[in-house]
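Throughout, read-outs are computed from the coordinates displayed, never taken from laboratory work. Small disclaimer: the values here were computed from a predicted structure and weren't measured. Because the Cβ atoms are built from the backbone with ideal geometry, glycine has one as well, and the counts that use them run over all protein chains shown.
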Amino acid sequence: MIRRMGHRRNEPREAIMAKRITKQRLEELRRECHREVDEGFDQMFGNDGQNGLVTFTEREERACQVGDRLSCWLLETHISLDQAVETPGECDCPLCGREVPGPTAEEQNKPPELQGRRVRSRRGPIDLERAARRCNPCRRVFFPLG
């Protein structure tokens with residue numbers, strides 16, 4: 001049996017990737033996204049339709065900045081909804097392949113302790129919070145894939 005490193009055991013990919021989000025929360029996110037787009041529009045066009053942008057280079061630079069900021073917001077928001085924020089059950093260390101036990105029953109009754117992490121995407125930095133695991137033999141902290 002082939003296991004992908006860092007994945008929870010015996011859990012199908014669909015279950016890992018499944019989102020449990022209400023329609024109400026989805027509508028809230030849609031409104032937030034519209035606010036982000038509106039802000040980008042204002043940065044591009046301002047009150048006079050130009051917003052001080054004269055040359056093609058200035059316009060292109062601003063459009064790329066606005067697009068990158070929106071891309072980062074979408075990616076960061078989408079990832080924040082991921083169930084991989086919590087990691088019940090055991091998983092394998094991505095470095096040595098050893099089994100790393102999941103949280104104890106007592107730990108499962110508490111909200112997971114999340115660690116912040118900044119990741120560089122192609123569009124800019126993304127701030128993530130993930131439940132981290134420690135592989136004692138490797139003495140390394142890793143973030144299980146999900």
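Would you mind computing, in nm to one decimal, how far apart the modelled labels at Thr104 and Phe41 are, each placed 7 Å from Cα along Cα→Cβ?
Between Thr104 and Phe41, the simple spin-label model gives 5.4 nm.
Using +1 at the C-beta of Lys and Arg and -1 at the C-beta of Asp and Glu, which of Pro144, Asn109, Ile126 has the Cα lying farthest in the positive direction of the dipole of the stretch 85-146?
Projecting each Cα onto the dipole axis, the largest value belongs to Ile126.
Can you tell which of Leu53, Val37, Thr77 lies farthest toward the positive end of the dipole of the stretch 22-81, using +1 and -1 charges on the Cβ of basic and acidic side chains (Lys, Arg; Asp, Glu)?
Of the listed residues, the answer is Thr77.
For a quick check of your reading of the filter: which chymotrypsin sites (Phe, Trp or Tyr not before Pro) in the stretch 27-122 sit in a DSSP loop and have no more than 16 other Cβ atoms within 10 Å?
On the way: sites: Phe41, Phe45, Phe56, Trp73; in loops: none.
Listed in order of number, the matching sites amount to none.
Working out 0.36 nm times the residue gap between Gln65 and Gln50, then minus their Cα-Cα distance, what length gain in nm do you get to one decimal?
Working: separation 15, 0.36 × 15 = 5.40 nm, distance 1.58 nm.
Extra length available between Gln65 and Gln50 comes to 3.8 nm.
When only DSSP loop residues count, what trypsin sites (Lys or Arg not before Pro) in the stretch 113-146 have their Cβ near at most 16 other Cβ atoms within 10 Å?
Numbers: sites: Arg117, Arg118, Arg120, Arg122, Arg123, Arg130, Arg133, Arg134, Arg139, Arg140; in loops: Arg122, Arg123, Arg139.
Loop-located and lightly packed - Arg122, Arg123, Arg139.
Translational D (Stokes-Einstein, µm²/s) of the stretch 65-146 at 4 °C and 1.567 mPa s when Rh comes from the Kirkwood sum over C-alpha pairs? The partial results should precede the final answer.
On the way: Rh = 14.1 Å.
It diffuses with D of about 92 µm²/s by this estimate.
With a cut-off of 8 Å between alpha carbons and a minimum separation of six or more residues, what is the relative contact order of the stretch 19-146 in percent? Don't jump to the answer; show the numbers that get you there.
Details: 129 pairs, mean separation 26.6, N = 128.
Relative contact order of the stretch 19-146: 21 percent.
To make sure I understand, if each residue's beta carbon is the centre and we count other beta carbons within 10 Å, what order do Glu113, Glu58, Glu36 fall in, fewest to most?
On the way: Glu113 9, Glu58 13, Glu36 17.
In increasing order of surrounding Cβ atoms, one gets Glu113, Glu58, Glu36.
With a Förster radius of 30 Å, plug the Cβ-Cβ distance of Arg31 and Arg123 into 1/(1 + (r/R0)^6) and report the FRET value to the nearest 0.05.
Numbers: r = 22 Å, r/R0 = 0.74.
Approximately 0.85, to the nearest 0.05.
Tell me which residues come under 5 Å, amide H to amide H, from Glu90 once H is placed; ignore anything under 5 positions away on its chain.
Amide H neighbours of Glu90, under 5 Å, 5+ apart: Arg9, Gly102.
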